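Notes follow once the structure below has been shown.
The values are calculated or read from the model by the stated rules, or taken from the named source; none is laboratory data. None of the values given here were measured: they were computed from a predicted structure. Neighbour counts run over all protein chains shown; Cβ positions are idealised from the backbone, glycine included. Keep in mind that these areas ignore ligands, DNA and RNA; they rest on the heavy atoms of the full protein, side chains included. Shrake-Rupley method; radii C 1.70, N 1.55, O 1.52, S 1.80 Å.
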Amino acid sequence: MSNLLRCLTVGLCLPLLSSRGAAQVAPLIANINARQTTSLDGQWQAIVDPYDVGALDYRAQPLKNNHAFYKNYKPQSESELVEYDFDTSGQLLVPGDWNTQRESLLFYEGSVWYKRSFDYTKSLKNRLFLHFGACNYLAAVYLNGEELGEHEGGFTPFDFEITDRVRARGNFLVLRINNTRGRDQVPTVNTDWWNYGGITRSVTLVEVPETFVQDYFIQLEKGSTDQITGWLQLNGAQLQQNVTIRIPEVGFSKTFATNSRGRANFSFGAGLTLWTPENPKLYTVEIASETDQVTDRMGFRSIEVRGTDILLNGKPVFLRGINLHEEAPMRRGRAWSDDDARTLLSWAKELGCNFVRLAHYPHNESMLRAADQMGILVWGEVPVYWTIQWENPQTLHNAENQLNEMIARDHNRAALIIYSVANETPISDARNRFLRQLIQDAHSADPTRLVSAALQADEVVEEKHITIHINDPIASDLDVLGNNEYIGWYARRPEDADSIDWISEYDKPLIMSEFGGDALFGYHGDTFARWTEEYQENLYEHQIAMLKRIPFLRGTTPWILKDFRSPRRTLPRYEDYFNRKGLVSEHGEKKKAFFVLQRFYRELQSVQLLK
Ligand code: GCB
């Protein structure tokens, strides 16, 4: 029984591919936009199917006949009973969440079937892949009435090879997307963001030569600012080839041989201008095998820690950051486009940021590309959030898979410096084991970047003096510590921050990965009145004064740039299903606290410039 059907019938979601001869998810093809592609974005036919009648019969058994929606079957006579019709069921835009496309789907959690047709004539010897930027949460994919396979996880890309299945004319592609939350999933049932369902990122046909450059990793070696190290992976029949890496701007060219598994490991010196937020220098890098060629735009920088310092290109850096959810800046719903990315990151720049935390799941690739171009350092995260099933090996497998997919997509982006494996997870032996596995995975998939997690710390009160101790056992495994605190909102008064001291048991840098409070834009009152801009402004002032006193603090990402939708936030008038901790409203209007943080970041920037 397929994964999706298992979820539907027994409420268990196992990250296993179905039997029935379905294709496997193919290894991810790096840098899709530099390949020969055809977009399948646009209006798709869509059937909303809350009872999964397109997948299960009335005995809850999997449908295999023409009643299964993926068959896209049409009645052959007036007397034949067929109870579905893509052509007259309406449309949904891809990419896009369904929640903000139809009023009736705002809170919808369940299945929606998508269908579109396409013609495609590929070069005879070439191979063809279907690439999905992301579908939330489970996707079952069918081409021409046959199952290709499934993918679990709402924020990472996946590919299927369709070389032997595509026809020149009249292909029909059907997807069943199900965003029902499940306890064993990643994330689990309980979050503080909208569960936007659908094909939320682009769908693309990718044509490549029979043997092609599937992936490559070209980064400065850990601790070095001039030695490049990395690998390249071919996919196809002709695995032993010569491959050449060129950086034409500096006249660099080197050739390597791949081994019998299509792999070349390399290391070479190159005198390159380093990428920094002030000068985000990108080079055109050409990667050519005997059968394929890919071009990328890449920056080169080193990132490491020394004691409590974070060193960018060997120099201490303070990360002036802000948190972001993947919500569109000026429309409703999920963000996905280059324009969305540029607008969100421009707001962060205006705030004085050199860093963003992309909470709480991998954001779309445009964000990483724009951050590379705009000079904004990035913290990327997987949705291991709050109360995951720590004891469940399938859940761990799923989290590892999402982490690896994120790293595979982003491991050549200079902007990305930190992988975060978790957010606010309650300490236990099982949780520690789970997170240690993810930390190890991240380090072994990419030894050049730093690994962190957003932790929470304990308050110790002695003779009325409050100290906060960073003592999470997982901290010893992390390169950088993240800590979330809500002094002045969920705990205590904003003024209490003035006398709170922080201590850490670890000689490691700390990023205050969350702090903040809610304010409704345009609502004014006293500094003690909840929901007013003045309350939030006052909270930020006291927070900043406290943060300045933490000797091992090396970065801050307050919660959050923009108000965002959350089903947890039910209070009428003030929340209306929005988390209002944004420094700008959902319409982009700046609240008073925006300017408090901007002042702090300008101050920090001028101090950093003097160094
Ligand atoms: C947190 C979570 C974040 C929430 C935020 C809040 O600690 O990490 O996802 O949205 O607090 O507003 O409560």
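Can you pull out the residues in the range 393-437 that are part of a loop (DSSP other than H, G, I, E, B) and either within 16 Å of the ligand (Cβ to nearest atom) or surrounded by fewer than 19 Cβ atoms within 10 Å (Cβ to Cβ) (or both)?
Correct list: Glu424, Thr425, Pro426, Ile427, Ser428.
List the residue pairs whose Cβ atoms are under 6 Å apart, where the first residue sits in the range 228-251 and is at positive phi, the second is assigned to a loop (DSSP other than H, G, I, E, B), and the two are 6 or more positions apart or on different chains.
Short answer, once both residue conditions are applied: Gly236/Glu210; Gly236/Thr211.
Given the range 456-507, what strands (runs of 3 or more DSSP E) lie entirely inside it while holding 3 or more residues that are within 16 Å of the ligand (Cβ to nearest atom) and either within 18 Å of Ile310 (Cα to Cα) or without any contact (Cβ under 8 Å) to a residue 40 or more places away in the chain (or both)?
481-484
Taking interchain pairs and intrachain pairs at least six residues apart, which have beta carbon atoms under 6 angstrom, with the first residue in the range 259-280 and on the phi < 0 side of the Ramachandran plot and the second open to solvent by less than 30 Å² (accessible area, probe 1.4 Å) and among the aliphatic types (A, V, I, L, M)?
So the pair list comes out as Ala264/Leu232; Ala264/Val243; Phe268/Ile228; Ala270/Ile228; Trp275/Ala414.
Of everything in the range 221-264, what is open to solvent by less than 10 Å² (accessible area, probe 1.4 Å) and of a type in the set (A, V, I, L, M, F, W, C)? Give them in sequence order.
The answer is Ile228, Leu232, Leu234, Val243, Ile245, Ile247, Ala264.
For residues that are among the acidic types (Asp, Glu) and part of a loop (DSSP other than H, G, I, E, B), scanning just the range 518-543, find the one that is surrounded by the most Cβ atoms within 10 Å (Cβ to Cβ).
Asp518
From Leu272, Leu239, Leu205, grab the single residue that is within 26 Å of the chain's Cα centre (by Cα) and among the aliphatic types (A, V, I, L, M).
Just one listed residue meets the conditions, Leu205.
Looking at the range 154-167, I want the residues that are farther than 14 Å from Ser202 by Cβ and at pLDDT 95 or above and have a partner that is hydrophobic (A, V, I, L, M, F, W, C) and open to solvent by 10 Å² or more (accessible area, probe 1.4 Å) with Cβ atoms under 7 Å, at least 6 apart or on another chain. Which pairs are those?
Phe160/Ala23; Phe160/Val25; Phe160/Ala26; Glu161/Ala23; Glu161/Ala26
Which of the residues spanning the range 178-229 are within 24 Å of Asp159 (Cα to Cα), touching a Lys or Arg at 6+ places or on another chain (Cβ under 7 Å) and of a type in the set (D, E, K, R)?
Glu207, Glu210
Only one of these is in contact with a Leu (Cβ under 9 Å, 6 or more places away or on another chain) and within 16 Å of the ligand (Cβ to nearest atom): Gly154, Gly198, Gly182, Gly149. Name it.
Gly154
Within 15 Å of the ligand (Cβ to nearest atom) and either closer than 20 Å to Arg357 by Cβ or open to solvent by 30 Å² or more (accessible area, probe 1.4 Å) (or both), is that true of Phe552?
no
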